[in-house]
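This report concerns only the one structure given below.
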Amino acid sequence: MVPEERTFVTPEAINAICMVGSEEEIIDQVRAVENAGIKEINIMPAADYAVEAFRDFAEKIIPAFR
């Protein structure tokens, strides 16, 4: 991130556009958007952490929706 943009990256901005938190919090967030009618979400982790992020989502989040 360029230093000039850092001022705009606040906890409120992150929470407004991202699903962040514990496993349970993310499950709750997915359920909330599902209840609002959203049918799809995108998982876009940083490239350096993509494999771990996709694995965690598959193992920890998706089972809550089966």
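Miscellaneous remarks
- Meets criteria (out of contact with any Gly (no Cβ under 9 Å at 6 or more places or on another chain), exposed (fewer than 10 other Cβ atoms within 10 Å of the Cβ) and among the aromatic types (Phe, Trp, Tyr)) for residue 65: yes
- Filter pass, residue 38 being in a loop (DSSP other than H, G, I, E, B) and either on the phi < 0 side of the Ramachandran plot or surrounded by 10 or more Cβ atoms within 10 Å (Cβ to Cβ) (or both): yes
Every residue, every condition in (1) outside any helix (DSSP H, G or I); (2) modelled with pLDDT of 95 or more, yes or no:
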| position | (1), (2) |
| --- | --- |
| 9 | yes, no |
| 15 | no, no |
| 26 | no, yes |
| 32 | no, yes |
| 59 | no, yes |
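- Against the numbered list (1) β-branched (Val, Ile, Thr); (2) assigned to a helix (DSSP H, G or I); (3) under 24 Å from residue 11 (Cβ atoms), residue 51 comes up short only at (3).
- All positions within the stretch 9-24 that are touching a helix residue (DSSP H, G or I) at 6+ places or on another chain (Cβ under 7 Å) and either β-branched (Val, Ile, Thr) or closer than 14 Å to residue 43 by Cβ (or both): 19, 20
The values are calculated or read from the model by the stated rules, or taken from the named source; none is laboratory data. On a predicted model such as this, the values are computed, not experimentally measured, just so you know. Note: ideal-geometry Cβ built from the backbone for every residue, glycine included; neighbour counts use all protein chains shown.
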